[in-house]
Structure formats: C-alpha cells, structure tokens
1. Please work out which one of (1) at pLDDT 90 or above; (2) within 28 Å of I146 (Cα to Cα); (3) over 19 Å from the mean Cα position of the chain (by Cα) is the condition D70 fails and give its number.
2. Go through (1) crowded, with 24+ Cβ neighbours inside 10 Å; (2) of a type in the set (A, V, I, L, M); (3) modelled with pLDDT under 90; (4) assigned to a helix (DSSP H, G or I) one by one and return the number of the condition I137 breaks.
3. I'd like to know if the stretch 52-61 contains one or more residues that are free of Cβ contacts under 8 Å to residues at least 40 places away in the same chain, assigned to a helix (DSSP H, G or I) and farther than 20 Å from A208 by Cα.
4. Quick check on T237: is it surrounded by fewer than 14 Cβ atoms within 10 Å (Cβ to Cβ) and at pLDDT below 85?
5. Would you check which residues across the stretch 187-201 are over 13 Å from L51 (Cα atoms) and in contact (Cβ under 8 Å) with a residue 60 or more places away in the chain and list them?
6. Would you please name the residue that is nearest to the chain's Cα centre (by Cα), looking only at residues in the stretch 87-126 that are outside any helix (DSSP H, G or I) and not hydrophobic (A, V, I, L, M, F, W, C)?
7. Within the stretch 62-71, work out how many residues are free of Cβ contacts under 8 Å to residues at least 60 places away in the same chain and buried (at least 19 other Cβ atoms within 10 Å of the Cβ).
8. Got at least one residue in the stretch 27-50 being over 16 Å from the mean Cα position of the chain (by Cα) and more than 26 Å from E153 (Cβ to Cβ)?
Amino acid sequence: MLLVWGWYQLRHHDPLIDLRTSARRPVLMTNVAALLIGFGMMAQMIVVPQLLEMPEATGFGLGQTVLEADLWMAPGGLMMMVFAPVSSRLINGVGAKITLLIGALVLGVGYLVALMLMSAPWELMVATLVASAGVGIGYAAMPTLILDNVPGEESGAAVGLNSLMRAVGTTIAGAVMAAILTSRTVTLGGHIIPEESAFRICFLVGAAAALVGGLVCLLIPRQQVLTAAEEDPVRVTA
C-alpha cells in the first residue's frame, strides 16, 4: 500500500506530500535522523519503568510501584521542557544541524549512563535526565532543518512527515525492546521475566540508535538557497 501511495503521489498534480522534495538530501537525512532519535527517545521510556518495577528478588530489580516508577520518570519530562530554550539558543548560535547532532550525542550518553548506573532508582533518574536533555535539544532542531530546506508552501507537509518519521521510530523501538526483553528470560516464582542482560542490551541498542542518528546528522548538507521558482522570497543561506 505504501508503494502504491508513493506511485500515486509522484503522479498527482497536487500531492499530499511532495516526495521529490522529501528525497532532497537535507530533508531525507533529517527524516532518517528523526527516526533514529525517535527510537532512542522511546526505548528508555519502555525499558526504565520495567527495570524500576522489577521485584528486588531478581537481584537487579528495584522493587518500585507503578506510582513510584512514574515519579522517578517525571523529572525527565521537565528536563525536556527546560532544554527547549537551550536548543533555541544553540540553533541561533551554531545552527540546527549541529544542535541536532548535540542532542543525539547527549541522548546516547544518557543510555551509557544507564548502562553503568542501574542499581538504584535515583541512578536511573539521572540517566533519564541526561537522555531527556538530549531529546529536548534535538527535537526542536528537526523542524528548523526541514523548514530551512523546503519551499514555504510545502512546509506543513514536510514538517508533518518529519513528525511521522519520529513516530515510526518510537513504534519500532517498542517492538525491538519487547523482542530483546522476551529473548532473554528467567523464571521467578512461576513467572517468566527478562534477565538483567536483556536490559543492558536494550540500553546498548538505544545508545547505538542515538549515536547513529548523530552520524546521520553529519550527512545533512549545509542549507541550500532555494530558487525563486521554489520559494519567494529566496531563503538566505545560514
């Protein structure tokens, strides 16, 4: 169905999404980075609460209730909000491309922190705060990169597609994390639960996705000046 939709969009005089514009390297690489960073964002939201709520009898679980796990995770949302204006300053100072790269790297570091600090709830909270800071920095940069590289009349569709790519990344993360956590299990009290190694692998995969997203950012070329036929007025190269 996706291929049929793409075929139709390429031949329609007024497509819902101009796939030719989406195939431009700056837009395409930004969307690929959005997918990977979306993956990295959702992975920690799936894995950390489960680790917090695992029974202490496992030897690695932290024995938190659902409410307690939520409270340990809540500061991460506040961290995203705090770092949104930081992202704005970075965009104005070093550009959206470097800002997105910084966000991806900070997100990846958050997973590495979780890999080393997973023996207490507060340690996982620290890791979540670092990862959330990366999300807050990176997510604000993606729409800016898109808007800088598409004609004004296509900005809504292009930003919408970028948001969709982030959603695809979060959806894939859910499936991948579930597959990893159910691939390495032990039996405790008659219940099958993930091994500690499964959580470590999840953190490594999340870090890898974020860091690869950062490498993709390096493939985003500098903003191109659009022609008069594409945009009026002509955008000025950043």
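1. Single failed check for D70: (2).
2. For I137, the failing item is (3).
3. yes
4. yes
5. Selection gives L188, G189.
6. My answer is G95.
7. Count: 2.
8. Within the stretch 27-50, one or more residues are over 16 Å from the mean Cα position of the chain (by Cα) and more than 26 Å from E153 (Cβ to Cβ).
The values are calculated or read from the model by the stated rules, or taken from the named source; none is laboratory data. Keep in mind it's a predicted model, so treat the numbers as computed, not measured. We place every Cβ from the backbone using ideal geometry, glycine too, and count neighbours over all the protein chains shown.
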